[in-house]
1. Filtering region 73-102 down to residues that are assigned to a helix (DSSP H, G or I) and among the hydroxyl-bearing types (S, T, Y), which residue is farthest from G117 (Cα to Cα)?
2. List pairs: first residue in region 86-110 and more than 17 Å from S137 (Cα to Cα), second residue of a type in the set (S, T, N, Q) and exposed (fewer than 11 other Cβ atoms within 10 Å of the Cβ) anywhere in the structure, Cβ distance under 8 angstrom, at least six positions apart or on different chains.
3. Among the residues of region 159-181, what is the count of those that are open to solvent by 40 Å² or more (accessible area, probe 1.4 Å), in contact with a helix residue (DSSP H, G or I) (Cβ under 7 Å, 6 or more places away or on another chain) and without any contact (Cβ under 8 Å) to a residue 12 or more places away in the chain?
4. Is it the case that some residue within region 123-142 is without any contact (Cβ under 8 Å) to a residue 24 or more places away in the chain, under 18 Å from the mean Cα position of the chain (by Cα) and open to solvent by 70 Å² or more (accessible area, probe 1.4 Å)?
5. Counting only residues that are out of contact with any strand residue (DSSP E or B) (no Cβ under 7 Å at 6 or more places or on another chain) and part of a helix (DSSP H, G or I), which one in region 143-158 is least open to solvent (accessible area, probe 1.4 Å)?
6. Answer with yes or no whether R67 is closer than 28 Å to Y198 by Cα and open to solvent by 90 Å² or more (accessible area, probe 1.4 Å).
7. Does H112 qualify as being within 25 Å of F69 (Cα to Cα), at pLDDT 80 or above and within 18 Å of the chain's Cα centre (by Cα)?
8. Select from region 71-107 the residues that are surrounded by 16 or more Cβ atoms within 10 Å (Cβ to Cβ) and either hydrophobic (A, V, I, L, M, F, W, C) or touching a Gly at 6+ places or on another chain (Cβ under 6 Å) (or both) and list them in ascending order.
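The values are calculated or read from the model by the stated rules, or taken from the named source; none is laboratory data. As the structure is a computational prediction, the values presented were derived from the model and not from experiment. Cβ: placed from backbone, ideal geometry, glycine included. Neighbour counts: every protein chain shown. Note: areas computed on protein heavy atoms with side chains; ligands, DNA, RNA excluded. Shrake-Rupley method; radii C 1.70, N 1.55, O 1.52, S 1.80 Å.
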Amino acid sequence: MASRVRYCLGLNLFYQAGNNSYCVTELRTEHSAVTSGVPQGTVLGPLLFLLHINDMPSVVDPRTSIRLFADNTLIYRMIHSIEDHVALQRDLASLEQWASTWGMVFNASKCHIMHIGHSSSHSQQYMCQFHGFVLSSVTSEKYLGVYLNHDLKWSHHIDQVAAKAAKKLGFVRRNLRGSPVDCKELAYITLVRSGMKYASIIWDQGWKMASKKPRFLGFF
């Protein structure tokens, strides 16, 4: 019991300490209490946020899956019939109620729906509503740095990776002209290759199939 009291007291002090001011050059704002949100730069803040949202998957149907990563939420379900669509819409309504109960707000304007499967399965697509918005249907969506396509092909993601790598390589070439080779190599590995290798274990087979992609990215 004593440990629980100390724990609650510690959390109370943590939130009471949210009295902040900001300094820009030599100008400082007045102190103001932070009554909501997660204090930035704290070790305990992200942990408390994860504890706060940890029960979110429990409010949806067992056949609906939710994946949480920080403040990103992904919900998906196999849709075989109108009943499955109704169940998914009911899950979205449950998430709205969950957010209202715990003082959270989903940004519905940034939420989208993507139908994944063969083109024949898209003959009857269903619309979903969330927080009063009809969710727009997209064919590609970026999730945790990887572009997912409705046909589960990686061509769009590979295009984005190649374009970004080419821009970074051009930046390195322009700014390290005449620099030692080891300096160029370090910049290439840090800025260019790291982006090309990100999550490559997932899509590298697609890269091999895209044989027409530029191969100059590995050279100065």
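1. By that ranking, first place goes to T101.
2. If the second residue must be of a type in the set (S, T, N, Q) and exposed (fewer than 11 other Cβ atoms within 10 Å of the Cβ), the pairs left are G103/S36.
3. Here the count works out to 0.
4. Yes, that holds for at least one residue.
5. I158
6. Answer is yes for this residue.
7. When the stated conditions are applied, H112 passes them.
8. I75, I79, A87, L88, L92, L95, W98, A99, F106
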